[in-house]
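Below: one structure, written as structure tokens.
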Amino acid sequence: MERVAIITGGGRGIGAATARLAGARGYAVCVNYQRNEAAAREVAKAITDAGGRAIAVAADVSNEGDVVRLFETVDWELGTVTALVNNAGILERQMRVDEMDAGRIRRVFDTNVVGAFLCAREAVRRMSTNRGGRGGAIVNVSSGAARWGSPDEYVDYAASKGAVDTMTVGLAKEVAGEGIRVNAVRPGLVATDIHAAGGEPGRVERLKATVPLGRGGQPEEVAAAILWLLSDEASFTTGAIIDVSGGR
Ligand code: NAP
């Protein structure tokens, strides 16, 4: 059976490293993106140049119609999805809760929580043995923020990742008898563009001394954990949340 992976937000950062590693491990890969088409195409091209199969597909994961189209496109162009990585995630500028407005909080939850639910729904509809599927694996990309709470930075983002953790545990139990494993990784400080989106591009440098391993992580180090959770080597692992955070 060909393995087909959808990586949401696969054009940059942790998603891009995950898409590249999935391609190298023999998955046909859908590199989803929202706005940065060039970055997603570059990741897909690197996979196809190396002899693999990959496509770049635009979809806003917080938009139900977009998510339905994303999975249908994969059905037609790559085959039925066997692996979903719910990686797309956002945060907004650092601020205290007493400064936040409803629009900001909704945007963060729409992408990080509603988006993860919608993609998981489409994946389960295709993977579930109760629905004629052949099983599969889902990995949610949470954050250490779910444990830390991110005071003075983005408590909304941290809370959205708490929701992702709970969804991981509940969905894992819901579909365990249907051939589907659901797990999460909780990255710590990882060198990507996301910190600039919060208004502090040098955030990893500022906080690295708080990491027991003494440094920030690289996207490839998170990708390795994700690919293990997707693989048959993790066949007895479901509902697990793995911290990939240098001990922080
Ligand atoms: P990043 O470099 O900012 O990349 C985010 C990716 O998500 C981009 O490819 C972006 O697409 C995509 N995206 C954002 N909103 C989307 C939407 N509505 N629909 C579809 N795609 C969307 O971030 P990253 O650091 O790699 O983060 C990846 C995941 O890891 C996130 O869930 C984040 O919360 C989590 N995480 C990161 C860290 C860290 O330190 N970096 C730590 C813990 C957890 P475009 O390229 O089209 O803009």
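Where a number appears in this text, it was derived from the coordinates with a stated rule and is not lab data. The model shown is predicted, which means the values in this text are computed figures rather than measured ones. Note that we place each Cβ from the backbone using ideal geometry, even for glycine, and neighbour counts take in every protein chain shown.
Key figures for this structure:
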{"read-out": "Unmet criterion (only one of (1) more than 10 Å from the ligand (Cβ to nearest atom); (2) touching a Gly at 6+ places or on another chain (Cβ under 6 Å); (3) of a type in the set (A, V, I, L, M)) for Met167", "value": "(2)"}
{"read-out": "Enumeration of residues in the stretch 4-35 that are part of a loop (DSSP other than H, G, I, E, B) and either over 23 Å from Gly133 (Cβ atoms) or among the acidic types (Asp, Glu) (or both)", "value": "Gly9, Gly11, Arg12, Gln34, Arg35"}
{"read-out": "Selection count, the stretch 112-153, where residues are without any contact (Cβ under 8 Å) to a residue 24 or more places away in the chain and at positive phi", "value": "3"}
{"read-out": "From Ala40, Ala58, Ala44, residue being small (Gly, Ala, Ser), surrounded by fewer than 22 Cβ atoms within 10 Å (Cβ to Cβ) and either free of Cβ contacts under 8 Å to residues at least 60 places away in the same chain or more than 11 Å from the ligand (Cβ to nearest atom) (or both)", "value": "Ala58"}
{"read-out": "Residue within the stretch 159-167 that is more than 30 Å from Gly202 (Cβ to Cβ) and surrounded by fewer than 16 Cβ atoms within 10 Å (Cβ to Cβ) present", "value": "yes"}
{"read-out": "Of residues in the stretch 177-203 being over 20 Å from the mean Cα position of the chain (by Cα) and assigned to a helix (DSSP H, G or I), the one nearest to the ligand (Cβ to nearest atom)", "value": "Arg203"}
{"read-out": "The lone exception for Leu70 - which of (1) in a helix (DSSP H, G or I); (2) over 22 Å from Thr18 (Cα atoms) it fails", "value": "(2)"}
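Let's see how each residue does on (1) among the small types (Gly, Ala, Ser); (2) within 14 Å of the ligand (Cβ to nearest atom); (3) more than 27 Å from Cys30 (Cβ to Cβ); (4) touching a Ser or Thr at 6+ places or on another chain (Cβ under 7 Å):
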residue: Asp66; (1), (2), (3), (4): no, yes, no, no
residue: Leu70; (1), (2), (3), (4): no, yes, no, no
residue: Glu77; (1), (2), (3), (4): no, no, no, no
residue: Asn87; (1), (2), (3), (4): no, yes, no, yes
residue: Met95; (1), (2), (3), (4): no, no, yes, no
residue: Asp101; (1), (2), (3), (4): no, no, yes, no
residue: Arg107; (1), (2), (3), (4): no, yes, no, no
